[in-house]
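Here is the structure we will look at, set down as structure tokens.
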2 protein chains.
Amino acid sequence: MDAKAIKKSLESGGLRCTPQRYAVMAFLMEHDIHPTAAEIFEAVNRADPRCSRATAYNNLRDLVQAGLVREVAVEGRAARFDAKVMRHHHFVCDICGRVEDMDWYDVPHPSAESLGKRILRQSELIFRGLCAKCAQWYASRSAS
Amino acid sequence: MDAKAIKKSLESGGLRCTPQRYAVMAFLMEHDIHPTAAEIFEAVNRADPRCSRATAYNNLRDLVQAGLVREVAVEGRAARFDAKVMRHHHFVCDICGRVEDMDWYDVPHPSAESLGKRILRQSELIFRGLCAKCAQWYASRSAS
DNA sequence: TGGAAGTTTTAGATTAAATCTAATCTGACA
DNA sequence: TGTCAGATTAGATTTAATCTAAAACTTCCA
């Protein structure tokens, strides 16, 4: 991954490029596995033990606020994160909680005014079901 | 609220109608405020202190599993719940976390097969922005 | 009616996720 | 070099939710 690109993207969000912040952003850009905050902290801390838990969480919060990283809340599980490279929808597996990317397409939505609300962002979709792996496991399980 | 209707709806989900379970379901059907689990427990426990925290949470879980209650995960906040009377979308306020109902409409989505996934449910939408109250507060704040 | 088997509930302990605290460090720039 | 806002830290704390093991109910059949 291009270090300059990461630095630039941090600065475009008004964030200074510190080693810890860089590590969090780089991890997210290099892995499209939608890790939880705990997984990000563990990976970053393993690579460089100077990064503490609070710092990993603080930086994650800052990156989300700056719009560089997207947070996906999943019912009954820890939140998951991904670098917001291109706009896309998500798929969440009911069994293993795995989050996968899905292609972006526009969804029609009511206008803000008609609802009495001031700001209204296009919602990203979260589809739900069983991922290929869990669907297979589930099928073999029901068969026996 | 019709007690018989609540009892029937519990039984339609394969759940026995115990006083505690009834209280949780009744609270959700009588209040469309999308309470958190903690708020539900407090309300139910206040009305009848025989219902413990674990019971409120257990029953909530059972109701969600039975498809009678919907859980809405919100980033950085406790999950919220509502009785699944009619299908609808949701709006979440970025500032106060308030959840509001929005009318249902179909959203086009890719078919399961094209994605290699076995089961794929229609996603309910979550719109995000500022609710009327917070939008007003925010505007008056920026003005000063 | 008795009582075995299953279900539900309970108080309190525990876990998990994330944030807070207050002290310390860093580095840009005067 | 000195200053100071911003960043980081370890560890404590908070919050949300679940677990545990015992007790209390229901059901239902003899």
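Checking each residue in region B:15-37 for being open to solvent by 60 Å² or more (accessible area, probe 1.4 Å), under 26 Å from B:His88 (Cα atoms) and within 9 Å of DNA strand C (Cβ to nearest atom) picks out only B:Tyr22. Selection of region B:1-12 for residues being surrounded by 13 or more Cβ atoms within 10 Å (Cβ to Cβ) and more than 12 Å from B:Asn59 (Cα to Cα) yields B:Ile6, B:Lys7, B:Ser9. Of the residues in region B:35-55, at least one is within 27 Å of B:Gly129 (Cα to Cα) and within 14 Å of chain A (Cβ to nearest Cβ). Among the conditions (1) buried (at least 16 other Cβ atoms within 10 Å of the Cβ); (2) more than 13 Å from DNA strand C (Cβ to nearest atom), the only one that A:Ile40 does not satisfy is (2). Taking (1) in contact (Cβ under 8 Å) with a residue 24 or more places away in the chain; (2) within 23 Å of A:Lys8 (Cα to Cα) in turn, A:Val74 satisfies each apart from (2).
Scanning region A:4-56 for residues being outside any helix (DSSP H, G or I) and charged (D, E, K, R) gives a total of 4. In region A:57-77, which residues are crowded, with 17+ Cβ neighbours inside 10 Å, part of a helix (DSSP H, G or I) and within 11 Å of DNA strand C (Cβ to nearest atom)? Matches in region A:57-77: A:Asn59, A:Leu60, A:Asp62, A:Val64. Residues that are more than 15 Å from B:Thr18 (Cβ to Cβ) and charged (D, E, K, R) were ranked within region B:43-54; the one that is surrounded by the fewest Cβ atoms within 10 Å (Cβ to Cβ) is B:Arg46.
Starting from residues that are assigned to a strand (DSSP E or B) and among the charged types (D, E, K, R), keep the ones in region B:78-87 and report whichever is farthest from the other protein chains (Cβ to nearest Cβ). It comes out as B:Asp82.
Among the residues making up region B:83-104, those that are under 17 Å from A:Ile126 (Cβ atoms) and open to solvent by less than 70 Å² (accessible area, probe 1.4 Å) are B:His88, B:His89, B:His90, B:Phe91, B:Val92, B:Val99, B:Met102.
The values are calculated or read from the model by the stated rules, or taken from the named source; none is laboratory data. Predicted model only: the values in this text are computed from it and were never measured. Please note: Cβ atoms are built from the backbone with ideal geometry, for glycine as well, and neighbour counts cover all protein chains shown. Keep in mind that these areas ignore ligands, DNA and RNA; they rest on the heavy atoms of the full protein, side chains included. Shrake-Rupley method; radii C 1.70, N 1.55, O 1.52, S 1.80 Å.
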